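Visitor: Please see the structure below; I have some questions.
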Amino acid sequence: MRLGVVLPTYEIPADPAALADFAQAAEQLGYSYLGVMDHLAGADLAHRADWEGRETLVDFHEPFVLFGYLAGVTRRLEFYTSVLVLPQRQTVLVAKQAAQVDVLSGGRRRLGVGVGWAAPEFEALNEDYRTRGARLEEQITVLRALFTQEAVTFHGR
């Protein structure tokens, strides 16, 4: 059986030593993988009286940067994005970052993606919240092509 742990984003500060300690402890305890949540822009309830969702204005670590760092301080722990909000990101950049983490970690990267749920984050990034599902579908097609083909041409939205 393989067990994993999710980085406690709210509890661990933006301290490299604390992050390394957590990942190393997870590895020493026998966990197989470490997951990280994703929010790019954050939804600040103090400035959005119309927003009824929960606040996401927390110091969420950039998953690919964090994984590159943690790959250097662990030996076998795998890294995964519990849900990377793909429609908020540029597809080619995600492919490059994910591939780079895979190389730097010796193949210990897994990529989990989703559509996201916080409309204010999409607004802050000038992305259409209503079309995020269709965008995600196209992005997965493009990612698969980028991960498996030498050169990619894609026509879509």
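The values are calculated or read from the model by the stated rules, or taken from the named source; none is laboratory data. In this text the structure is predicted, and so the values were computed from the model without any measurement. Neighbour counts run over all protein chains shown; Cβ positions are idealised from the backbone, glycine included.
Visitor: Taking the condition under 23 Å from HIS39 (Cβ atoms), assigned to a helix (DSSP H, G or I) and under 18 Å from the mean Cα position of the chain (by Cα), does VAL142 pass? I'd like the intermediate steps shown before the answer.
Guide: Numbers: under 23 Å from HIS39 (Cβ atoms): yes; assigned to a helix (DSSP H, G or I): yes; under 18 Å from the mean Cα position of the chain (by Cα): yes.
Against the criterion (under 23 Å from HIS39 (Cβ atoms), assigned to a helix (DSSP H, G or I) and under 18 Å from the mean Cα position of the chain (by Cα)), VAL142 qualifies.
Visitor: Considering the range 72-98 alone, what residues qualify as being of a type in the set (A, V, I, L, M, F, W, C), part of a helix (DSSP H, G or I) and either loosely packed, with under 15 Cβ neighbours inside 10 Å or more than 14 Å from the chain's Cα centre (by Cα) (or both)? Quick ask: steps written out before the conclusion?
Guide: Taking the range 72-98 as the starting set, the residues that turn out to be of a type in the set (A, V, I, L, M, F, W, C) are 73, 77, 79, 83-86, 92-95, 98.
In the following step, the residues that additionally are part of a helix (DSSP H, G or I) were identified as 86, 92-95, 98.
Across the range 72-98, the qualifying residues are VAL92, LEU93.
Visitor: Just one of (1) without any contact (Cβ under 8 Å) to a residue 24 or more places away in the chain; (2) more than 17 Å from GLY35 (Cβ to Cβ) trips up ASP102, so point out which.
Guide: Every listed condition holds for ASP102 apart from (2).
Visitor: Take the residues in the range 124-137 that are outside any loop (DSSP other than H, G, I, E, B) and surrounded by 15 or more Cβ atoms within 10 Å (Cβ to Cβ); name whichever of them is nearest to the chain's Cα centre (by Cα).
Guide: LEU136
Visitor: Could you give me the residue pairs with C-beta distances under 9 Å whose first residue belongs to the range 1-21 and is over 17 Å from TYR69 (Cβ atoms) and at pLDDT below 90, whose second residue is charged (D, E, K, R) and surrounded by 10 or more Cβ atoms within 10 Å (Cβ to Cβ) wherever it lies, and which are 6+ apart or on separate chains?
Guide: These pairs meet every condition: TYR10/ASP59.
Visitor: Looking for whichever is out of contact with any Ser or Thr (no Cβ under 8 Å at 6 or more places or on another chain) and either of a type in the set (A, V, I, L, M) or surrounded by 16 or more Cβ atoms within 10 Å (Cβ to Cβ) (or both) here; the options are VAL142, VAL152. Which one fits? Spell out how you get there, then give the answer.
Guide: Values: VAL142 fails: out of contact with any Ser or Thr (no Cβ under 8 Å at 6 or more places or on another chain).
It is VAL152.
Visitor: Is it true that some residue in the range 125-136 is under 25 Å from ALA14 (Cα atoms) and either out of contact with any Ser or Thr (no Cβ under 6 Å at 6 or more places or on another chain) or of a type in the set (A, V, I, L, M, F, W, C) (or both)?
Guide: First pass over the range 125-136, keeping only residues under 25 Å from ALA14 (Cα atoms): 125.
Remaining after also requiring either out of contact with any Ser or Thr (no Cβ under 6 Å at 6 or more places or on another chain) or of a type in the set (A, V, I, L, M, F, W, C) (or both): 125.
Yes.
Visitor: Exactly one of these conditions fails for GLY106: (1) crowded, with 17+ Cβ neighbours inside 10 Å; (2) modelled with pLDDT of 95 or more. Give me its number.
Guide: Exception for GLY106: condition (1).
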